[in-house]
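A quick write-up on the structure given underneath.
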Amino acid sequence: MKKFYKGLLIVSALSISALALPTFAAHASAKETVRSDQVVPLGSPITTVDYHMLRNSNVSLLNGYKRWEIVSGSNLISISPNGVVSSHSSLGTALVYAYDVNDNYVIFKITVEAR
């Protein structure tokens, strides 16, 4: 009887380890080295623009850029899909990265001021 339980224990251990092997193989394949053709270089900064605008106003500032990102000051300004920057009633400075088709970017420092 002890021999039966010992054999059952060995078979159970082998079956569990056999189920775990595909999982280990999947994790091992995720650690492949990166080839140089897989690396996408980031764009380069073009310039920095310091722009002052009045609160509660609109200006077509980002027209022609592919995409943009409000890094800080999202409570101060909003940007429409066609690149129109609208300032709200709060005063302060917002930082926006605007990207061209080559992923080069311009940093806009937009200061919202009272009259």
- [ ] Mind listing the long-range amide H neighbours of residue 104? Cut-off is under 5 Å, sequence gap 5 or more, other chains count too, H placed in the peptide plane at 1.01 Å from N.
- [x] 44
- [ ] Multiply the residue gap between residue 97 and residue 55 by 0.36 nm, knock off their C-alpha separation, and tell me the result in nm, one decimal place.
- [x] 13.1 nm
TODO: Apply the Karplus parameterisation 6.51 cos²θ - 1.76 cosθ + 1.60, with θ equal to phi minus 60°, to every residue of the range 65-75 and state each ³J(HN,Hα) to the nearest whole Hz, in sequence, with x for glycine and proline.
DONE: 8, 6, 7, 8, 9, 7, 7, 8, x, 5, 7
Task: Placed amide H near residue 92: partners under 5 Å, 5+ positions off or other chain - done: 112
Open item on the list: I want to check the label-to-label distance for residue 47 and residue 89. Put each point 7 Å from Cα in the C-beta direction and report it in nm to one decimal.
Closed with: 3.6
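Just so you know, all these numbers are worked out from the coordinates, no wet-lab data involved. Note that the structure is predicted; figures quoted are calculated from it, not measured. Here Cβ is always computed from backbone atoms with ideal geometry, including for glycine, and neighbour counts include all displayed protein chains.
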